[in-house]
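Only one structure is covered here, and it is reproduced in the block below.
The values are calculated or read from the model by the stated rules, or taken from the named source; none is laboratory data. These numbers were taken from a predicted model, which means no experiment stands behind them. As a convention, Cβ positions derive from the backbone with ideal geometry for all residues, glycine included, and neighbour counts pool all protein chains shown.
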Amino acid sequence: MGSTLRKAAFITLKLAIIAGGIGYLVAGGRLNFGDLLVAASNPLLLICAAIAILCVQPIGVVRWYLLIRAQGGNGLGLLTCAGIHYGAGFFDLFLVGPTGGDAIRAALTACLAPKGTRVEAATTILLDRILGLLALLAIGGLGIFLWPDGGDRSRAFLLTVGAGIAIIILSFAASFSRRLYGGAIRPVAVRLPFGNIVERALGSVHAYRNRPGTIVAGILLSLAAHACTIAAICFLAMATEMRVSMTDCASVVPVCLVVNAIGPAGGWGVGEVGFDEIFRWALGVEGGASLAMAYHILWAASKLPGLVVLLAMGWSVAGGKAAESDAGEGTDAGKSAGACS
């Protein structure tokens with residue numbers, strides 16, 4: 001019962017944040033749904049935005065596959081990785097619940113990877129997300145650097161982005177340092193609950209120190225994916241007839257995306273407030289909230305094909321297999337934590 005109550009409280013909190021953000025904007029007259037109808041009257045720009053946002057997922061597939069391949073493949077080919085990525089992406093639409101797309105992706109990966117490699121394969125999902133976050137913070141920092149003249153460059157944003165980049169870089173340095181890993185991180189990990197699994201997961205990340213090209217390629221692909229998202233939002237801004245140039249839009253959207261990433265359920269609610277405030281501070285224009293909602297609708301639509309992929313993969317069978325515990329692999333001698341080194 002305690003676990004059920006915690007989940008219910010977690011869902012309630014997320015819904016409250018979403019409803020609070022959107023309600024705040026509607027009550028203040030700052031979320032104009034008529035702007036969405038204006039966007040619908042510019043089909044060419046909407047098509048350009050849709051194409052840009054649809055490019056994000058294939059880039060994500062290639063990035064994750066490179067991380068998988070650096071471990072020797074773990075029995076997962078490019079098509080399998082694409083199926084898992086698209087199928088699990090469908091569950092990003094349901095982040096108001098306790099489980100999101102990454103958890104489903106980990107479950108499918110554990111199901112399809114050979115026994116003895118499941119921990120290492122699933123850990124690539126965490127590393128994949130870290131690379132994406134690092135690229136997002138970096139491009140957000142660039143957005144602050146290119147902030148339009150006369151705009152209110154908030155120090156809070158600058159400090160948040162800078163601190164985020166510093167924390168991730170330091171975490172990477174700690175993970176890839178042999179001295180820190182062997183002398184501090186690994187001894188602590190083995191003493192944690194399920195320490196053997198935690199050790200293997202950390203060891204698989206540490207092993208990427210011998211694959212710097214893979215890490216660099218992952219960051220570059222992340223930057224490309226975020227660039228596609230920024231382009232999509234710029235096209236949507238033009239479609240909603242906001243009085244902004246492509247250059248002005250590109251300079252503030254990276255910071256908007258950093259704020260959007262803070263919010264639950266893909267940024268709904270928090271993203272609308274962040275877009276609205278940032279466009280007003282930096283560019284002196286209204287309509288940022290409507291722009292964020294148009295982006296969220298387009299983002300959600302891009303995830304719908306994942307349902308078809310799930311049905312094609314036979315999710316009911318995969319889900320049952322993924323429920324099997326991986327704890328027994330702790331003594332499996334098939335593959336060590338540093339197998340990709």
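Quick one: which residue in Thr117, Thr123 is at pLDDT below 80, over 20 Å from Arg6 (Cβ atoms), crowded, with 22+ Cβ neighbours inside 10 Å and not aromatic (Phe, Trp, Tyr)?
Thr117
Residues that are touching a Ser or Thr at 6+ places or on another chain (Cβ under 8 Å) and either within 23 Å of Gly203 (Cα to Cα) or at pLDDT 85 or above (or both): does the range 133-151 have at least one? Walk me through how you get there before you give the answer.
To start, the set of residues in the range 133-151 that are touching a Ser or Thr at 6+ places or on another chain (Cβ under 8 Å) comprises 134-136, 143, 146-148.
Okay, now just the ones that are also either within 23 Å of Gly203 (Cα to Cα) or at pLDDT 85 or above (or both), so 134-135.
Within the range 133-151, one or more residues are touching a Ser or Thr at 6+ places or on another chain (Cβ under 8 Å) and either within 23 Å of Gly203 (Cα to Cα) or at pLDDT 85 or above (or both).
Just to be sure before I move on: is Ala250 more than 26 Å from Trp64 (Cβ to Cβ) and out of contact with any Asp or Glu (no Cβ under 9 Å at 6 or more places or on another chain) in the structure I sent? Break it down into steps so the answer makes sense when it comes.
Values: more than 26 Å from Trp64 (Cβ to Cβ): yes; out of contact with any Asp or Glu (no Cβ under 9 Å at 6 or more places or on another chain): yes.
So Ala250 fits the description; yes.
For Gly328, are the conditions met, namely being more than 24 Å from Ser41 (Cβ to Cβ) and either modelled with pLDDT of 85 or more or assigned to a loop (DSSP other than H, G, I, E, B) (or both)?
no
Report whether or not Arg69 is out of contact with any Asp or Glu (no Cβ under 7 Å at 6 or more places or on another chain), basic (Lys, Arg), buried (at least 18 other Cβ atoms within 10 Å of the Cβ) and under 30 Å from Pro212 (Cβ atoms). Before the answer, list the steps.
Numbers: out of contact with any Asp or Glu (no Cβ under 7 Å at 6 or more places or on another chain): yes; basic (Lys, Arg): yes; buried (at least 18 other Cβ atoms within 10 Å of the Cβ): yes; under 30 Å from Pro212 (Cβ atoms): yes.
Taking the combined requirement at face value, the residue satisfies it.
Kindly establish whether Leu25 is within 15 Å of Ile297 (Cβ to Cβ), in a helix (DSSP H, G or I) and either free of Cβ contacts under 8 Å to residues at least 12 places away in the same chain or of a type in the set (A, V, I, L, M) (or both). First the steps, then the outcome.
Numbers: within 15 Å of Ile297 (Cβ to Cβ): no; in a helix (DSSP H, G or I): yes; either free of Cβ contacts under 8 Å to residues at least 12 places away in the same chain or of a type in the set (A, V, I, L, M) (or both): yes.
Against the criterion (within 15 Å of Ile297 (Cβ to Cβ), in a helix (DSSP H, G or I) and either free of Cβ contacts under 8 Å to residues at least 12 places away in the same chain or of a type in the set (A, V, I, L, M) (or both)), Leu25 does not qualify.
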